[in-house]
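Colleague: I have a structure I would like to understand better, so I am pasting it below and will then ask my questions one at a time.
The values are calculated or read from the model by the stated rules, or taken from the named source; none is laboratory data. As the structure is a prediction and not an experimental result, all values here were calculated from the model. Here the Cβ positions follow ideal geometry from the backbone for every residue, glycine too, while neighbour counts run over all protein chains shown. What goes into the accessible areas is simple: the full protein's heavy atoms, side chains included, and nothing from ligands, DNA or RNA. Shrake-Rupley method; radii C 1.70, N 1.55, O 1.52, S 1.80 Å.
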Amino acid sequence: MLLVFIKLCSMIYQWTLLLLFCLLVSCANDKPDKSPILDLNKLDSITLEQKEPLFGKFFEQLVISDDGNFLLLSERIKKQIFVYKSDGKLFSIIGESGRGPSGLLEITGYDINDRDEVLIYDALQRMLKIFDIEGNLLRSVSFLENETINPTANNIKWYNNQVVSTIYDTKVPFDETHKSSLVALADTNGNVDKVFGQFDPFSEKDKKLTFNTVSTLDKESDLFYTNLQTSPYIYVYDLVKQKLVDKGGIQTENFKLPEKEITAYLPISQKFELATNTSAIAHIFNTDQYVIQHMQVLTNEWFKSMDYAAKKNFLNIYNKETLDFIQEIPVSFTPIGEQNNKLYVIKDFNPDNYIIGVYEIVAKQN
């Protein structure tokens, strides 16, 4: 009887050890896999033809036609839009510096529609100017002339037969930006159809006192994605229903804010010092599967040289359907545009050897 009892205890002990082992293995398998699950696959490299000399540099923004045939870049010295074919051949140059009919003083937003009409917003003249793809002026109108709202930088976009832009309500004090409306729909005569939305409440914590917002438009779903440059959070607006329909975003390890408030009254050297190694959302893109924040860290080298390549660049990738965070990817180039699930980046900023790389986001192979 004693022998039977001893054998039974031994079996129970063995089964207990086996069960504990299985539980440990199960728990280990349940731990999140911290290895990267997405990667960037290079598709193409485009060297821009230099028939026309560039005295300055292009801004860090690329607009691509819906069919991918045209690449549009804004030249910051000449105040012109350079239009390239998808193979890098120079196709046309739009506008000229000045106040004439085709004159531009400050290009703060531009876009191209499916009829290859180029829309440009000149903030200093507060005008919309519409050109054909060859550079001929089609029309010029005042934009929001009698309104107390201003478009924010680089956010003018064609939307069907309207213009959509992020805006700032000038009646709202700078230290109360969270009280401002955010989105404006206007007709092509420059008149407002509707103003709605609300600034990111994170702006109350924003020690840079900025009201610049980046955006991207999903035309098929009528969704407008916005992101305050100094905030990690994404807000999604339905342009048909004209209301907020989703929000997401997380503060990643590399997203840094200034420790002290940066005011307009500080010396420029002190502003640079306080902003060194802080973060900004430079762009937001969308593909069929992902919403992508392009985040930059403003390094000391950047403030000393103003060399675009001196910034650190990261891609924060979110699931488009749920806005759940997937992964942060450090990159050695500067993303500037997206079209047809392709990400366009600057590989070389040299205006005499300006190279654009074309990538896609893919699931990483084990």
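Colleague: Output the pairs from 205/271; 194/241; 241/320; 157/194; 271/347; 85/311 with a Cα-Cα distance over 22 Å in this structure; if there are none, say none.
Modeller: 271/347; 85/311
Colleague: Taking each pair of different alpha-carbon atoms in the chain once, compute 1/r for the pair, average those values, and report the inverse of that mean as the Kirkwood hydrodynamic radius in Å to one decimal.
Modeller: 22.6 Å is the Kirkwood radius here.
Colleague: Helix 2-30 against the longest principal axis of the chain: what's the angle in degrees, Cα atoms only, rounded to the nearest 10?
Modeller: So the helix axis and the longest Cα principal axis differ by about 10 degrees.
Colleague: Two decimals is fine: what's Rg over Rh for the stretch 39-130, C-alpha atoms, Kirkwood radius as Rh?
Modeller: Across the stretch 39-130, the Cα-based Rg/Rh ratio is 0.98.
Colleague: Between the stretch 162-218 and the stretch 97-161, how many Å separate their Cα centres?
Modeller: 18
Colleague: Now for a different question. Step by step: find N for the stretch 285-364, compute 2.2 N^0.38 Å, then divide the Cα radius of gyration by it. What's the final number?
Modeller: 1.18
Colleague: Another one. When the accessible area of the chain is computed with all protein chains present and a 1.4 Å probe, what percentage of it is carbon and sulfur?
Modeller: With neighbouring chains kept in place, the figure for the chain is 51 percent.
Colleague: Normalise the Cα radius of gyration of the stretch 82-124 by 2.2 N^0.38 Å (N = residues in it) and let me know the number.
Modeller: Here the Cα radius of gyration is 1.26 times the empirical estimate.
Colleague: What residues qualify as long-range amide H neighbours of residue 181, i.e. H under 5 Å apart, gap of 5 or more or another chain, H built at 1.01 Å from N?
Modeller: The answer is 169.
Colleague: List, largest first, the extents of the alpha carbons of the stretch 219-261 along their principal axes, each in whole Å.
Modeller: The Cα atoms of the stretch 219-261 stretch 40, 20, 14 Å along their principal axes.
Colleague: Right, here's the next one. Report D for the stretch 195-305 in µm² per second (integer): Stokes-Einstein, Kirkwood Rh on Cα pairs, 10 °C, 1.306 mPa s.
Modeller: 105
Colleague: Another one. Quick one: in the stretch 275-315, what % of C-alpha pairs are over 17 Å apart? Let's see the in-between values first.
Modeller: Values: 284 of 820 pairs.
In whole percent, the share of Cα-Cα pairs in the stretch 275-315 beyond 17 Å is 35.
Colleague: Here's another thing I want to ask about it. Quick check: the distance between the Cα centres of the stretch 60-88 and the stretch 305-366, to the nearest angstrom?
Modeller: Using only Cα atoms to place each centre, the spacing works out to 17 Å.
Colleague: Okay, moving on. Pop a pseudo-label 7 angstrom from the Cα along the beta-carbon direction at both residue 277 and residue 364 and give the gap in nm to one decimal.
Modeller: Roughly 2.6 nm, to one decimal.
Colleague: For the stretch 126-201, would you read off the P(r) tail past 18 Å as a percentage of all alpha carbon pairs?
Modeller: 40
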